[in-house]
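Reviewing the structure listed below.
The values are calculated or read from the model by the stated rules, or taken from the named source; none is laboratory data. All values derive from a computational prediction rather than experimental measurement. Note: ideal-geometry Cβ built from the backbone for every residue, glycine included; neighbour counts use all protein chains shown. Each accessible area value is taken on the protein alone, full model and side chains, heavy atoms only, with ligands, DNA and RNA left out. Shrake-Rupley method; radii C 1.70, N 1.55, O 1.52, S 1.80 Å.
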Amino acid sequence: MTTQATNTPAPVAAADPVTLLRSRRYLQLLVIAAVLGVPISAVAYGYLVLSTQLQGWLYQDLPGALGLAAVPAWWPLPLLGVAGLLVGLVVRYVPGRGGESPLSGFHPGGGPPDPVPLLGIAVAALVSLGFGAVVGPEAPLIAIGGGLAAATVRLARRGAPAQTLAVVAAAGSFAAISALLGSPLAGAFLLMEAVGIGGAMLRAILLPGLVASGIGTLVFIGLDAWTGFGTFTLALPDLPPFTRPDIAQFGWALGIGVAAAVLVAAVRWIAVLLRHRVERHLLVATPLIGLAVAGLAIAYAQATGHDVADVLFSGEAGLPAVVGTHADYTVGALLLLLVIKSLAYAGSLVAFRGGPTFPAVFLGAVGGIALSHLPGLPLVPAIAMGMGATCAAMLQLPLTSVLVASLIMGSDGLAVMPLVIVAVAVSFITSARLAPRSAAAGDSAPETGAEPQPRPAPAAHGAGRSSV
């Protein structure tokens, strides 16, 4: 889940953070971050709204506009077939290949994309999200935020230092991803762990991003008489209260962690088998995979009577509906959804563009609901542990996985956190042990499920020079 690595600055040694914080140019960076925070947050918000409205128009409004009395069962087939072709054309012919495959995992830190590759990233992901592919919006948001911020600095100051571009781009990514997660702190936490920022320079590098995302939050919450646009929230509504865990639930945490790692390893294994075939026959394979994803969704809907949307899309919008009506799902329907969504996810990881996070979270929640029918495992901790464990296995970011699961659980997040931490830790270790050692080194979440490798120092570390 990376932006296209264009114009990546060379690593530089970090200066004394106190010297950096006292420098005039660092204060200028903070002002730039504050100024860019609002427009970039607004663009990110608009992108999310546009992708959601595109889904509604294609799957709800368009059939009626074409004179169809009801949405036919076959409707996803032409949409996802066309989506595969459009994404394949972007990948083949547009510089930057529409961004990297979501199978590559989540490892920002390359240079911000140039304008033309950025346009390809935005278009490929919008088609994938709107037409029903099983990918999330986090990758294009990070690219859009970083690319727009860097482009603004380039326009305002020709020949700007690479370190300045890197820090400003990171601030733009902070602001954009915070629009999705609903919190500047959540966005900072995710990018901090993904990039691997640490040490004495942590505060100096994170501060511009926090300023950009914090000021950008005004777009959602409003200022004075302006009420704002409203926030995106990941929290599940109307969950039953959960007070405290018991010993049996910690035993379940061990099992759920292992099961989640095995499930995600299977998804990655299928995706890797498909990827080489897709890359050799791109313009044929991507529509075929789109048709296969649609066929899986149709088969699930016909077998269970539930909506194709359970299988299609990233899952962050559909998860509240599934959890809220969990009593209407039999265990068989839940298990079938788990298998079908996993297969659709594996195909989407190689044929479409977007992020890998929310489909993995959705799979964990569905698995948790199914397991909650077993004795000693209430619904709330089962969902929380499932989400955290699958997220950790897919992203290889254990701290972020705990945070995401806790945010989604809302008021129950603190009570379930000890269980989530155990499930995430077990999943993270198990996924590392399941990974083939022969995979190529260097990916933070390798395409083949390989062991996580140490991440290179991000370009943003260039902020360490007082010449920023």
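Per-residue surface analysis assigns Arg157 an accessible area of about 100 Å², computed on protein heavy atoms at 1.4 Å probe radius.
Quick check: convex hull over the Cα atoms of segment 240-393, volume per residue in Å³, rounded to an integer? If you can, show how the numbers build up before the last one.
On the way: hull volume 15.2 nm³, N = 154.
Looking at segment 240-393, the number lands at 99 Å³ per residue.
Tell me the carbon and sulfur percent of the accessible area for segment 141-181, rounded to whole percent, probe radius 1.4 Å. Don't skip to the end; give the middle numbers.
Values: 710 of 1150 Å².
Percent of accessible area from carbon and sulfur atoms in segment 141-181: 62.
Heavy-atom accessible area with a 1.4 Å probe sorts Glu279, Glu316, Glu138, Glu193, largest first, into Glu279, Glu316, Glu193, Glu138. In this view, the solvent-accessible surface of Asp114, computed with a 1.4 Å probe and all protein chains in place, comes to about 40 Å².
Quote the FRET efficiency, to the nearest 0.05, computed for His373 versus Trp74 with a Förster distance R0 of 35 Å and r equal to the Cβ-Cβ distance. If you can, show how the numbers build up before the last one.
Working: r = 33 Å, r/R0 = 0.94.
About 0.60, to the nearest 0.05.
Think of a 1.4 Å ball rolled over the protein heavy atoms: segment 239-309 then has 52 Å² of accessible area per residue. Residue order by solvent-accessible surface for Trp252, Trp57 is Trp57, Trp252, largest first, with ligands and nucleic acids left out and a 1.4 Å probe.
Across Ser411, Ser406, the residue with the most accessible area heads the list, and the full order at a 1.4 Å probe is Ser411, Ser406.
Using a probe of 1.4 Å on the protein chains alone, the accessible area found for Tyr59 is around 30 Å².
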